[in-house]
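I have a structure here, written as structure tokens, and I will follow up with some questions on it.
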Amino acid sequence: MSWIRFPSVNLSRVLSATVVFLSCAAPTLAGDVVGEVTEPDVISSQRFARDVNAFYLGVSAGHASGGSDEFGLRVNDGDTFAAGDLKPSGNFAGFRGGWRGILPARGGRDYVYGLEVGYDFGTLDDITSSRSGGAEVSGRSAISDVLSIRLRNGLTNRSGSVLYFVTVGYVRGDITTSGSLTDASGTSRFESEDRRQGFSASLGAEHKLNENWSITGEIEYLQFESKTVELGPSFSTKSTPSYRGLRIGLNYTF
């Protein structure tokens, strides 16, 4: 029986030729299967930077009503003449400015964080009086010129038009404490003013009107440090001023 002989084939040359053929044909095949190829959209770096951080300036105004601060005149010999509770209240207005950043959060919302500096002017005060130990005692506490530095954090709604936020911060303001004592010998009046620090906390919302303007509303609480105030050579009182406020405002974002 005789064998049929085939011509010898160099396998390496066959494989090389196949690879070259496929590499040349790939673009044509891809075009046939996929069809027309379009370039993907590229996000502008300028727009992306604007979405991530922003500076803003704003104005605000509101009304405050005080927390309870019991007022009494303490004489150096140990006697105390109670006057009653002081609850500073009144209207205020101010300026603010800050920076905020934005990070994507779950559910299509954004997490917003930042730092805000503000200054409020206007006087919040209250007067109380009573008879104590056969004498007429009165007291007054006033808060004015409050500087604040606050950390601001919150989440937007899904459309990004409303931001719900909380703040905590450091405050410093002018505290005026005064009193009087009227007895058989006459009337004595006392007053002391000092600049005192404290803390603040608030809860609010900011609604975006357009690309630059937004309105805000928040409720806040401010507490200043407790201090024994010397009122003249013979009297002193413990002062712990605080107040709760309702604030509305307008911001312009750059």
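Out of all the residues in region 120-128, is one or more crowded, with 18+ Cβ neighbours inside 10 Å and either of a type in the set (Lys, Arg) or over 16 Å from Gly90 (Cα atoms) (or both)?
Within region 120-128, not a single residue is crowded, with 18+ Cβ neighbours inside 10 Å and either of a type in the set (Lys, Arg) or over 16 Å from Gly90 (Cα atoms) (or both).
So, one more: Any idea which of (1) surrounded by 15 or more Cβ atoms within 10 Å (Cβ to Cβ); (2) over 30 Å from Ile127 (Cβ atoms) is the one Leu147 doesn't satisfy?
(2)
Any chance region 125-145 includes a residue that's closer than 30 Å to Leu209 by Cβ and in contact (Cβ under 8 Å) with a residue 24 or more places away in the chain?
No, region 125-145 has no match at all.
Another one. Which residue, of Glu211, Glu193, Glu218, is surrounded by fewer than 20 Cβ atoms within 10 Å (Cβ to Cβ), within 30 Å of Ala83 (Cα to Cα) and either charged (D, E, K, R) or modelled with pLDDT under 95 (or both)?
Values: Glu211 fails: within 30 Å of Ala83 (Cα to Cα); Glu218 fails: within 30 Å of Ala83 (Cα to Cα).
None of the other options fit; the residue is Glu193.
Tell me the strands (runs of 3 or more DSSP E) entirely within region 30-129 that contain at least 3 residues that are farther than 18 Å from Thr253 by Cα and modelled with pLDDT under 90.
69-75, 80-86
Report the residue count in region 131-152 for those that are at positive phi and assigned to a strand (DSSP E or B).
Residues that pass the stated criteria total 1.
Can you name the number of the only condition in (1) within 18 Å of the chain's Cα centre (by Cα); (2) open to solvent by less than 50 Å² (accessible area, probe 1.4 Å) that Phe199 fails?
(2)
Each row is one residue, and each column tells you yes or no for (1) basic (Lys, Arg); (2) more than 21 Å from Asn251 (Cα to Cα); (3) open to solvent by 30 Å² or more (accessible area, probe 1.4 Å).
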position	(1), (2), (3)
Asn153	no, no, yes
Thr156	no, no, no
Val166	no, no, yes
Thr176	no, yes, no
Thr182	no, yes, yes
Arg189	yes, yes, yes
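Now for a separate question. Counting only residues that are closer than 18 Å to Gly118 by Cβ and open to solvent by 20 Å² or more (accessible area, probe 1.4 Å), which one in region 224-254 is farthest from the chain's Cα centre (by Cα)?
Phe254
The values are calculated or read from the model by the stated rules, or taken from the named source; none is laboratory data. Just so we're clear, the structure is a prediction, and the values are computed from it rather than from any experiment. Note that we place each Cβ from the backbone using ideal geometry, even for glycine, and neighbour counts take in every protein chain shown. These accessible areas exclude ligands, DNA and RNA; they are computed on the full protein's heavy atoms, side chains included. Shrake-Rupley method; radii C 1.70, N 1.55, O 1.52, S 1.80 Å.
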